[in-house]
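This report refers to the structure that appears directly beneath it.
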């Protein structure tokens, strides 16, 4: 069974009669990715949807693995609603590995949460802007783990938004997040830091501090339009960060912190509130 994870999608209205029941059409998974298949039926008792894929294989898929609008269409027997897009069943467990310049690979394809998992009630993809959007309290993680790396991304915060980039998040730290225990979390600050006194953007939360960087917020002011760049180099215990190409932190993780000995784990985002958008998320692994 392919794994699907929730994601906001684009709904396209169309009418379908029973005569079209076995025509190929688009079905959106709860991760926002879409597959073209023929709808063969829905068993309400077992909550199983039967599809025929383009290669002729029949696929049984649980109803809750489809996006809400698609579920509604399925339960109605294909009489209302509909979806469009591309394959929701592809991608496997790892993030998209589109090769970029200088050995970087993309962690976010701009269309889906392929390669990610977490609280999709507050995380979604804006397919028009090709951005990853957080709208509330909740976390998102890569399925793949990373040890030493350079990660680069762009972020834009709405007024008062608070977020964070988590690195080397091991299973113990991830479980601790569910209990609001952040002692094993290495978090790089991403926020509307106009209202913050010490943990400015680019700082390692409550551990490594640096000068307050210049951060852009005005969406109407070119050329930045509110977008900021973040670069993090994690090489052993040494963490170096840049905001908009200006160095903020360059230091060694304190030995007395519970996370200091962690050398590998997931990449993640920690949504605290407000709205933060991300784009051009890419990573280069180091030896």
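Based on other C-beta atoms within 10 Å, arrange 235, 192, 55 from fewest to most. Write out the running numbers ahead of the final one.
Values: 235 13, 192 18, 55 5.
So the ranking, lowest neighbour count to highest, is 55, 235, 192.
Arrange the following residues from fewest to most other Cβ atoms within 10 Å of their Cβ: 212, 62.
Details: 212 17, 62 13.
Going from least to most buried by this count: 62, 212.
To make sure I understand, if each residue's beta carbon is the centre and we count other beta carbons within 10 Å, what order do 117, 23 fall in, fewest to most?
Values: 117 19, 23 11.
Arranged by neighbour count, lowest to highest, 117, 23 become 23, 117.
Between residue 250 and residue 178, what is the FRET efficiency for a Förster distance of 51 Å, r being their Cβ-Cβ separation, to the nearest 0.05? Display every interim value, and only then the final one.
Details: r = 32 Å, r/R0 = 0.63.
The value I calculate is 0.95.
Over 10 Å intervals from 0, what percent of Cα-Cα pairs in the stretch 101-285 sits in each interval?
10, 40, 40, 10, 0
Need one number: nm distance between label points at residue 196 and residue 119, each 7 Å from Cα along Cα→Cβ, rounded to one decimal.
1.7
Which FRET efficiency value, to the nearest 0.05, is calculated for residue 23 and residue 43 with the Förster distance at 25 angstrom and r the Cβ-Cβ distance?
My answer for the efficiency is 0.75.
Can you figure out the FRET efficiency of residue 229 with residue 144, using R₀ = 30 Å and their beta-carbon distance, to the nearest 0.05?
Numbers: r = 23 Å, r/R0 = 0.76.
It comes to 0.85.
Since every read-out is calculated from the coordinates, none of them should be taken as a lab result. Computed from a predicted model, the values in this text were never measured in an experiment. Please note: Cβ atoms are built from the backbone with ideal geometry, for glycine as well, and neighbour counts cover all protein chains shown.
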